[in-house]
Structure formats: structure tokens, C-alpha cells
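Notes to accompany the following structure.
The values are calculated or read from the model by the stated rules, or taken from the named source; none is laboratory data. This one's a predicted model, so the numbers in the text were calculated from it and none came from an experiment. Note: ideal-geometry Cβ built from the backbone for every residue, glycine included; neighbour counts use all protein chains shown.
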Amino acid sequence: MTKHLQEYSKLDNFQEVYSAVRKHIALHHDKLTKADRRVLDLILQYTVMNGAAYLTCEEIMKDTERSKATVQRAIRKLVTLRIIEKVHTFDPEVGGLGANRYTIFPSEEQS
């Protein structure tokens, strides 16, 4: 895991991250739409390697082929269900908001 992102990880290794996502999906299966799962899978792809991921809404939109409203709705739901944590970041180079940082919460069984 990259040292910088690893400090934000709530899980110890990629097996735990992957396992947590699968348990979250099983637990909330009836509440998650296909778009929600697609957004979560994308976050998982980036998070598994580093424990956390920096992604912009535009990157998620492009990679999932979903609209901005759909992506924002999915992120809100994933945060509300405590599957992921979303943290706004500041980019001093552009003097404004940077990519959001996403981390995956442990499942209830892992807590």
C-alpha cells in the first residue's frame, strides 16, 4: 500500500478490503441498485491497492458510464449505509477542492 494513502485505510490488507465489500453487498443487497454496486466496485478497484483512493466525480462518471446525478446519488447512499467514507480534499496547486478521498469501512462482522 502506498504510505500516504495507507494511513487512511480502515483495514489492514487487500483481502480484508475485498471481504468487507462483499459482506456490505450481502448485507445491503436489497438497498443497492446496479449503479450503486458499479460505483462501489470502481472504488474497490482503486482502494484495494492502497487502502484508500482519490477519485473525482468525473473519473467515476467516466469509468462507470453513469451520469453525474447517478454517481452523486450512489456515493450518498454508500456513505449513508456506512460502506464508504468520503472526505473532501483541498488541492493547494489549484487553490480549490481536489479529488475526494474514499475509504471502505469494515463490515459489521469485522468491527
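Say we look at region 87-109 and pick out the residues that are in a loop (DSSP other than H, G, I, E, B) and among the acidic types (Asp, Glu); which of these is farthest from GLN15 (Cα to Cα)? Of everything passing the filter in region 87-109, GLU93 is farthest from GLN15 (Cα to Cα). One residue stands out in region 43-62 among those that are within 14 Å of ASN100 (Cα to Cα) and part of a helix (DSSP H, G or I): the one that is modelled with the lowest pLDDT, namely THR47. Within region 16-35, being surrounded by fewer than 21 Cβ atoms within 10 Å (Cβ to Cβ) and touching a residue at least 12 places away in the same chain (Cβ under 8 Å) holds for GLU16, TYR18, SER19, LYS23, ILE25, LEU27, HIS28, LYS31, LEU32, THR33, ALA35.
I need a count of the residues in region 57-86 that are without any contact (Cβ under 8 Å) to a residue 60 or more places away in the chain, touching a strand residue (DSSP E or B) at 6+ places or on another chain (Cβ under 8 Å) and either of a type in the set (Lys, Arg) or closer than 25 Å to GLN15 by Cα (or both). Qualifying residue count for the region: 5.
Go through region 1-37 and report how many residues are aliphatic (A, V, I, L, M), modelled with pLDDT of 85 or more and in a helix (DSSP H, G or I). Qualifying residue count for the region: 6.
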